[in-house]
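Down below is the structure, laid out as structure tokens.
Any read-out appearing in this document is the output of simple, stated calculations on the displayed coordinates, not a laboratory observation. Here the structure is a predicted model, which means the values were calculated and not measured.
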Amino acid sequence: MNTSSTSWYDVDKEGLAKLLERRGRAYVILELLQNAWDEVTFNLGHLSRAWFQQDISVEQDALILHELAHDRVSDHLDHAFADEIARLGALLARAYRSAGRAAVAV
């Protein structure tokens, strides 16, 4: 993969060229802007500063997975939302195992 890196974004130049050819300049510009603006935000007023200053807990990881799932599914009541949280959890478990770590009791 040919990647150009700056301090705030990474772009696969070959993939970008293919996307530009298939979808056009307007689509690519909007896609790049959308990706640049994607971020997970947390409500400091609701969670409190102490929430961010404590050691990372299972509850914090759960909230992070919950918010990341919103990237693909917005409706909490949609089965796809629960499926997305499960998919993200499975990806984390796979990464953990591939790093040579044993299973963790929860």
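Backbone geometry of region 61-78 corresponds, through the Karplus equation with coefficients 6.51, -1.76 and 1.60 at θ = phi - 60°, to 3J(HN,Hα) couplings of 4, 4, 5, 4, 4, 4, 5, 5, 4, 5, 4, 10, 9, 8, 7, 4, 8, 6 Hz, x marking Gly and Pro.
Taking the convex hull of the alpha carbon positions in region 41-106 and averaging its projected area over all directions gives 5.6 nm². Under a 5 Å amide H cut-off, with hydrogens placed 1.01 Å from N, Asp12 pairs with nothing among residues at least 5 apart or on other chains. Between Leu19 and Gln54, residue separation times 0.36 nm minus the direct Cα-Cα distance comes to 8.4 nm.
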